[in-house]
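What follows is one structure encoded as C-alpha cells, with my remarks underneath.
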Amino acid sequence: MLVPVSKITRSSRDSSALNAVLTRVSLTAPYPKRTHTCGELTPAHAGIHVTLTGWLLPERKVSKTMSFFPIKDSFGITQLVVRKGHANAHLTALSELPVESTIAIEGEVLVRPEPSRRDEGTGQIEVQVNSFTLLNPAHCNMPFIPSDNQTLVNEDLRARFRYLDLRRTALADNIRKRSQVARIIRDTLHDDGFLEVETPLLLKSTPEGAREFLVPSRVGQSTTQHDGKHTPLFYALPQSPQQPKQLLICSGAVDKYFQIARCFRDEDGRKDRQPEFTQIDLEMAFISWGVDSDIFPSNTWRIGGHEVRAIIERLVRRIWQKVEEITLPSSFRVITYNEAMARYGSDKPDTRIDLEIQDITPSLPIHVQASFEDLGDILEAIVIRPSESCSFLRASEECNYENEPNVSRSVIADSNLLNWLCDNRSMDLKLSSEEHALLNKTLRVSSGDTIWLSRRRKIPEGGSTALGRLRTRISELAQARGDYVPHMIPHFLWVTEFPLFTRADPDKEFLARGRWSSTHHPFTAPMWQDIEAMYAGRIDQVRGQHYDLVLNGVEIGGGSVRVHDATMQEYIFSQVLQLSDAEKSSFDHLLHALKCGAPPHGGIALGKPFKLTKTSDLGFDRLMAILCKTPTIRDVIAFPKTGAGTDLLFRSPAAINEEVLYQYGVRPTRC
C-alpha cells in the first residue's frame, strides 16, 4: 500500500539535495534507451540488467537504509528497490524528487522474497536500482497527484487537468480496453467481408433528427469579400452517417460497409451525455424483408434484417469472449415493442429485474372492464410478494412515487383484503367483496403483499410507462440498499416492431411542429403487413422494421431495414411526415439514388441518434462503459465533455472574434 502523499511531498523537495540534482540535470542530455516496459518483467528476467522509464510514484520506506519506489508507464507498474548509503549518495536524491517526475533507471531484476510476492502484474519481481536519470521533474505544486487513490479530487478539477487524470490506472486501463475492443470489431467485420469506408463529416443540414452542430464556411465566397452582406453558408456535422452509407450501398461499389464513426448531436445538457460520440456503423445490401407475422409468434424475429442480426450477435459474442471471457448464447432473445411495454414498462427493459407488470383489466368485473374499454385504457399492476420478491420489499415501502401522478400503492392486510381496490381513492372503482375475492384469487393476492397500480392508454406510447419507471426506481433503490444484486451474466435482448411513426416529443417538437414524426428516422421501412394501412392513412397502426439491441436495460444499438423504393419514400416524406418542398429537397440525392436500382438494404449503429420519441444511448461509448464496469461514459473517453457539453481542458465552446465572424457573413446580435 502506498504511503499517503502528504508524507512524501514535504518541504525537502526544495532542499539543497534536490536543487543540486535539478541544477546538474540537462533535460536535453542523452539518457539510456528503455529495454523493457514497466509491465513485462517476470521471474524469467531475474539477474539481467534493465533500463526502465516512467513516472515516479510515492516512496514507501522499509528502513533507514532501504526504500521502495514504484515506477509506472502505460503498460504497468514495477517496484524499484533503492538501498541508500555513502557509497551511492547520488541515489539519495531519488527521495527528493517530486512525485510524478519522469525518470530512467538502470538496475538488476530480482525475484521478490516469498512472503512479498503477488500474482498480478509484476508482483513477483523487483528491480534494484544502480543509477537513474531525471528526464523531467514534475512541478512541486501540481493540482492533484494522480496516484493518490485515497483522495480523489472533484470531477471538474480532474476534467480541467485531464492529462493528469488519465495517469490514473483505472482510466488508462479503460482507454487500453477501448482500443482492444475496436480492434476486435475491425477484425471480425473484415473477416466477414465488410469494407471500412470513411464518410464525410461536413454535410448539409437535413430535417431528420435532433439539432445539429453547424459549421460556418467561406467556400464559394470571394476571399476578398468582407462586407458582411453575403448569405452565410454552413456545413452540418453528421448525427450519423445515415445518408452517406445508404448511398454507398446504392452505388453497388460496396456490399457490406462499416465504420467506427464520429457523430455529433446538439442536445441540451444532460447527465452523462456527450455532444460528440462514437458509433459502430454497419450497412448491408440485399438483406431480407421479413416474414408473415400471422404465422410466427411474437417472440421470434418477424421483420427483415436477419443478416444484420446474425453479424451483430456474432460480433458481440466475440467481444464478450475475448474481453470478459464469457460465453454468450448462440442467439439473443427477441421481444416486440408492445410486449416489452406491457411486461416491463420500457422499450429497453432490464430483464434481470424479477418484477413484471400485469394487465389486470381482464380480471376486473365486466362492468368495470367496459368503462376502461370505452376510454381505451387498461389497469396495470406490479405485485410484490414477501415470499417471492423479498429483495424489493423494503425498497417498495420507501419508494417515492409523487412524480408519477398515475401511480398508486395498496398495502394488503387482513383488514383490507376484500376491499383494497375500492379503498384506493385514485382508482375510484366499485367492487363487491365477492368481486374482490375473485380478483385476489386471480392475482394470487394475500395479506402482506404490496400492489402498485397505474391506469394508462391501452396502446403504449414513448419509451416507458409509469409502472416501468417505478420498476426501475425500485430496483435501483434496492441495489443501493444492498438488498438486490443484479445477475452478473449479461442479458442481451432484441426489441422489434416499434411504431413506425409517433407524435414528436417535446424535445423534438421544433422539427415536427405537431405533425407525425418518424420514431427512429424517416428511412425505416414499414413491416410489409402494414404497408396497406400506411397508404390508407391508418398511421398509428404501422409498425416499422426496426430493431434495438438492449443490454441489462441499456440500449446499445439500433438499426432497421431501409426504404429502397423511391415512391414509398416520397409518400412518407410528403403524405405522412408532411415535409415542405424545401425540406424534401434536402433528400433529392437519396430519392434519385433509390430510382437508380437501389438494392434492398439495411443496417445498424451501436449508438444511433435519430430517435425522436426515445432517448438513444451513445453506442460504442456506452458499450465500453458496460465492459469497463463504470457508471459514466466519461470514464471511457480520452477527452470527454461535461454533462453541459463544455470542455474544461480546451475551454470550448468559446466566443469568436467579430472580425472572423464577419468574414463568414455572420453578424452577432445583441439583445
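The values are calculated or read from the model by the stated rules, or taken from the named source; none is laboratory data. These numbers were taken from a predicted model, which means no experiment stands behind them. FYI the Cβ positions are ideal-geometry reconstructions off the backbone, even for glycines, and counts take in every protein chain you see.
General observations
- Any hit, the stretch 297-311, residues being outside any loop (DSSP other than H, G, I, E, B), in contact with a Lys or Arg (Cβ under 9 Å, 6 or more places away or on another chain) and over 30 Å from Glu339 (Cβ atoms): no
- Looking across the stretch 637-671, just one residue is within 19 Å of Glu267 (Cβ to Cβ), of a type outside the set (Ser, Thr, Tyr) and not in a loop (DSSP other than H, G, I, E, B), and that is Asp647.
- Residues that are touching a strand residue (DSSP E or B) at 6+ places or on another chain (Cβ under 9 Å) and either free of Cβ contacts under 8 Å to residues at least 40 places away in the same chain or on the phi > 0 side of the Ramachandran plot (or both) were ranked within the stretch 429-477; the one that is surrounded by the fewest Cβ atoms within 10 Å (Cβ to Cβ) is Arg444.
- Residues that are surrounded by fewer than 10 Cβ atoms within 10 Å (Cβ to Cβ) and either in the same structural domain as Pro216 (by TED's automatic domain parsing) or not hydrophobic (A, V, I, L, M, F, W, C) (or both), drawn from the stretch 647-671: Arg651, Ala654, Ala655, Asn657, Glu659, Pro668, Thr669, Arg670
- Breaking point among (1) within 26 Å of Gly468 (Cβ to Cβ); (2) not in a loop (DSSP other than H, G, I, E, B), for Gln321: (1)
- Contact map, the stretch 318-346: first residue at positive phi, second residue charged (D, E, K, R), Cβ cut-off under 6 Å, separation 6 or more or different chains; pairs are Gly345/Arg471.
- Leading residue by the ranking (farthest from the chain's Cα centre (by Cα)) among those in the stretch 633-671 that are closer than 30 Å to Asp165 by Cβ and among the polar types (S, T, N, Q): Ser652
- Summed over the stretch 397-428, the residues that are more than 43 Å from the chain's Cα centre (by Cα) and surrounded by 17 or more Cβ atoms within 10 Å (Cβ to Cβ) give a count of 2.
- Count of residues meeting criterion [of a type outside the set (Asp, Glu) and outside any strand (DSSP E or B)] in the stretch 103-124: 10
- Residue within the stretch 481-490 that is touching an Asp or Glu at 6+ places or on another chain (Cβ under 9 Å) and charged (D, E, K, R) present: yes
- Of residues in the stretch 1-59 being among the charged types (D, E, K, R) and touching a Ser or Thr at 6+ places or on another chain (Cβ under 8 Å), the one modelled with the lowest pLDDT: Glu59
- Screening Pro297 on (1) of a type outside the set (A, V, I, L, M, F, W, C); (2) exposed (fewer than 14 other Cβ atoms within 10 Å of the Cβ); (3) touching a Ser or Thr at 6+ places or on another chain (Cβ under 9 Å); (4) modelled with pLDDT under 95 shows it passes everything except condition (3).
- The stretch 170-198, residues that are in a helix (DSSP H, G or I) and either small (Gly, Ala, Ser) or free of Cβ contacts under 8 Å to residues at least 60 places away in the same chain (or both): Ala170, Ala172, Ser179, Ala182, Arg183, Asp187, His190, Asp191
- Any pair with Cβ under 9 angstrom, 6 or more apart, that starts in the stretch 638-652 at a residue that is at positive phi and ends at one that is crowded, with 17+ Cβ neighbours inside 10 Å and part of a loop (DSSP other than H, G, I, E, B): Gly645/Arg273; Gly645/Gln274; Gly645/Pro275
- Here the condition is being touching a helix residue (DSSP H, G or I) at 6+ places or on another chain (Cβ under 8 Å), modelled with pLDDT of 90 or more, of a type in the set (Gly, Ala, Ser) and in the same structural domain as Gly619 (by TED's automatic domain parsing); of Ala533, Ala504, it holds for Ala533 alone.
- Considering residues of the stretch 605-633 that are among the basic types (Lys, Arg) and out of contact with any strand residue (DSSP E or B) (no Cβ under 6 Å at 6 or more places or on another chain) only, the residue modelled with the lowest pLDDT: Lys614
Quick grid of which residues meet (1) in the same structural domain as Pro70 (by TED's automatic domain parsing); (2) exposed (fewer than 14 other Cβ atoms within 10 Å of the Cβ):
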site	(1), (2)
Leu110	yes, no
Leu135	yes, no
His139	yes, yes
Phe144	yes, no
Asp156	no, yes
Arg183	no, yes
Asp187	no, yes
Leu195	no, no
